Amino acid sequence: LGKERVKLLDKEAGFQAVTRFLSVKYVINQIKYLDEKYDLDYVCILDENLTAFPKRVHEFCDMWIAEGLNKKIKLGTSGDAPSITPELVKHMKDAGFSMISIGGESGSDRVLKEDIRKGVTVAHNQLSIDNLKTGGITPVMTFMVGNPNEDINDVLETVSFFIKNNVEIDPFICTPYPGTK
C-alpha cells in the first residue's frame, strides 16, 4: 500500500492501521443524495479524526460552501485537540459545523503521558476547547476512565477539568483494542 498509507502500530504483533479516505466530492454527493431523499437539517460526519488533516477539512468546507449547503445543513464531526486551530474553527463554522467531539482521553497529564501516549496534553485539550468556544462551535469531550496507571486523583483531575470548562462530555471505560500497547 505504500509507506505513506500504512503505519506500523505494533512491531511485535505486526498490527497496522491503514487510512483510506473517500474523496470530498464523493462525501458531499452522498450527503446531497440523502438530503434530496430525507430533507436533512443536520449531518454528523463520522470520520475518526476529521480535523487531523486540515487541508482536507478546508477542501471540504470550500466545496460545502460553494454548493450552498452551509445555508441548509448543520454539521458535526470529531477531531483531535492539537489540530483545533482558530483558523480551522472559523472555516468550519462558516461551513456550518456546530459541534466537534474531541478525544480528550483524560484530564490528567500523568495518564495522558503514561497510559494514552498520543502526545496530547491537558494544555492541548484546554486550547481546543477555548478555540471552539471562541469560534462558536460546541465542544464535546470524550474521556476514558480505568487506565492501567490511573488512580482516584487522576479521575478527580478529569472531573475538575469537565466542571471548569462546562463542556458536554462522553465518558468511556478504557477498552484497549488489539495492537494497543
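A few points about this structure:
- Taking amide H positions as modeled 1.01 Å from N, with prolines and chain starts lacking one, the residues under 5 Å from Lys74 and 5 or more places away or on another chain are Tyr42, Val43.
- In the full protein context, the range 24-71 carries 67 Å² of accessible surface per residue, based on a 1.4 Å probe and ignoring ligands, DNA and RNA.
- Average accessible surface area per residue within the range 125-181, 1.4 Å rolling probe, Å²: 60
- From the coordinates shown, mean projected area of the Cα convex hull in nm² corresponds to which of (1) 14.0; (2) 11.5; (3) 13.4: (2)
- Summed over qualifying helices (DSSP H, 4 residues or more, each -39500 (n - 2.57)) and divided by its residue number, the chain shows a 222 nm mean residue ellipticity of -11500 deg cm²/dmol.
- Over all other residues within a Cβ to Cβ distance under 13 Å of Ile65, the charged ones net out to 0, with Lys and Arg as +1 and Asp and Glu as -1.
- 19 Å cut-off, amide nitrogen to a point 7 angstrom out along Asn29 Cα→Cβ, residues in the range 60-79: 60-69
- Here's how it looks for Val140: its modeled amide H is under 5 Å from those of Ile100, Ser101, Ile102, which are all 5 or more places away or on a different chain.
- Compared with the alpha-carbon gap, the fully stretched path from Leu40 to Lys90 is longer by 15.7 nm at 0.36 nm per residue.
- Across Ile45, Ile163, the residue with the most accessible area heads the list, and the full order at a 1.4 Å probe is Ile163, Ile45.
- Label-point separation, Ile173 to Thr121 (7 Å along Cα→Cβ), nm: 3.3
- For the chain, with +1 on Lys and Arg beta carbons and -1 on Asp and Glu, the positive-most of Gly96, Asn147, Ala81 along the dipole: Gly96
- Kyte-Doolittle mean at least -0.5 and Cα axial length at least 15 Å: DSSP H helices in the chain: 54-66, 122-135, 152-165
- Within the accessible area of the chain (1.4 Å probe), percent carbon and sulfur: 56
The values are calculated or read from the model by the stated rules, or taken from the named source; none is laboratory data. Note that this is a predicted model, so its numbers are computed, not measured. Cβ sites come from the backbone with ideal geometry, for glycine too, and all protein chains shown count toward neighbours. Please note that ligands, DNA and RNA were not included when accessible areas were found on the heavy atoms of the full protein model with its side chains. Shrake-Rupley method; radii C 1.70, N 1.55, O 1.52, S 1.80 Å.
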